Amino acid sequence: MNEATRIVGTGSVIPEQVVPNDAFLSKDFLDEKGQPYAHPNDVIIEKFQKITDIASRRYLKEDQVSSDIGAVAAQRAIEDAGWDPETIDLLIVGQNFGDIVFGTRHMDQMPSIASRVKEKLGISNPNTVAFDVLAGCPGWIQGVQIAHAYFSAGLAKRAVVVGCDALSRTVDKHDRDQMIFADGAGAACFERQQSDQGNGIIGMSSQTFTKEEAYYLKSNPSFNPELDQTERLIKMKGRKIYEFAIRHVPSAMKAALDNAGVDLKDVKKIFMHQANAKLDHAVGDRLYALYGMNADLDDVMPMSIHWLGNASVATVPTLLDMVIKENYEGHSIAKGDILLFASVGAGMNINAFVYEV
């Protein structure tokens, strides 16, 4: 019997509000200089969808905040695991902007979102330690790595790792990049256990690039100079991020596989952060090229970006939950499968872990 960090339950929340691309036809898109684009919005949107594959995204209801759906996703994962919530050692929440009440721009980060989720779950045990991870889109995977480190040190046995964000509340309504971002929440329960099944987490890698890359994603004012320039809204250097990701993410994924002693040919599924389809496919192609292999990404890499958009830390755990519970778009996992999880985002951070079911 092996000691393993194993996934024993998953849960997610797909917000009900569907926002199709044509909802942006009436937007006043401006460039970085505050000037309107030469092309009309229908041309901008058509090009956007061709690049990202995003046709729609999901937003929270007006009476919800990020911690609300984070708590629901956690509750569903806990119920799936069959746990008494009072027996949880760690409650880790990957998030980026705190709770933002609809119609405001105030990013409320105190108390932590993890503390708010714990309160919403009604957990009274003070030994259930709750804390946030702010690592950009890789926050959920970073939380998983932290939980595994606690387990390996003998400091915990049960952890719930949540990813929740409401990016729709922090976008610039004049920035065309707003069409990328979405809201959502996903969670997974991890347990350190003696197991005669798969070995759970068997390898990891993490990197942070902070020279010129540190501010590829940043909070800045609106492109509209007539709006409050003290507001801080999510901004990204899309071309820089794309070039960074295809240059560095494949090698980070390979580093996790090397750490696990696993060859890519043995990987059944790759759970990539859903950044945009062009980027994810380029990363996948380059990863396979490192092994001298041709990629069959449709078979190995489930995608949800086309209908859910980029919900940051929520994308990976949400996708995992759908594959496990719904045989999502024909994707399934079984005992003995090797899974590779990876993400890239603000910081710039990259991380990955390898999991044996």
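The values are calculated or read from the model by the stated rules, or taken from the named source; none is laboratory data. The structure presented is a predicted model; accordingly, all values stated were derived computationally and were not measured. Virtual Cβ from ideal backbone geometry, glycine too; neighbours counted across all protein chains shown.
Couple of notes before you dig in:
- Any hit, segment 93-100, residues being under 23 Å from the mean Cα position of the chain (by Cα) and either assigned to a helix (DSSP H, G or I) or over 23 Å from GLY347 (Cα atoms) (or both): no
- Of all residues assigned to segment 72-91, at least one qualifies as being part of a loop (DSSP other than H, G, I, E, B) and small (Gly, Ala, Ser).
- Residues satisfying the stated conditions in segment 224-249, i.e. outside any helix (DSSP H, G or I), surrounded by 15 or more Cβ atoms within 10 Å (Cβ to Cβ) and β-branched (Val, Ile, Thr): ILE234
- Any hit, segment 236-249, residues being touching a Ser or Thr at 6+ places or on another chain (Cβ under 9 Å) and more than 25 Å from GLY284 (Cβ to Cβ): no
- Exactly one residue out of ALA71, ALA38 is within 30 Å of ASP132 (Cα to Cα), in the same structural domain as ASN96 (by TED's automatic domain parsing) and out of contact with any Asp or Glu (no Cβ under 8 Å at 6 or more places or on another chain): that is ALA71.
- The criterion of being assigned by TED's automatic domain parsing to the domain that holds VAL161, in contact (Cβ under 8 Å) with a residue 24 or more places away in the chain and closer than 30 Å to ILE141 by Cβ holds for ASP99.
- Qualifying residue in segment 280-301 (condition: touching a residue at least 24 places away in the same chain (Cβ under 8 Å), closer than 27 Å to GLN17 by Cβ and surrounded by 24 or more Cβ atoms within 10 Å (Cβ to Cβ)): yes
- Criterion violated by THR10 - all others in (1) part of a helix (DSSP H, G or I); (2) crowded, with 19+ Cβ neighbours inside 10 Å satisfied: (1)
- Enumeration of residues in segment 21-35 that are surrounded by 12 or more Cβ atoms within 10 Å (Cβ to Cβ) and either of a type in the set (Asp, Glu) or not in a loop (DSSP other than H, G, I, E, B) (or both): ASN21, ASP22, ALA23, PHE24, LEU30, ASP31
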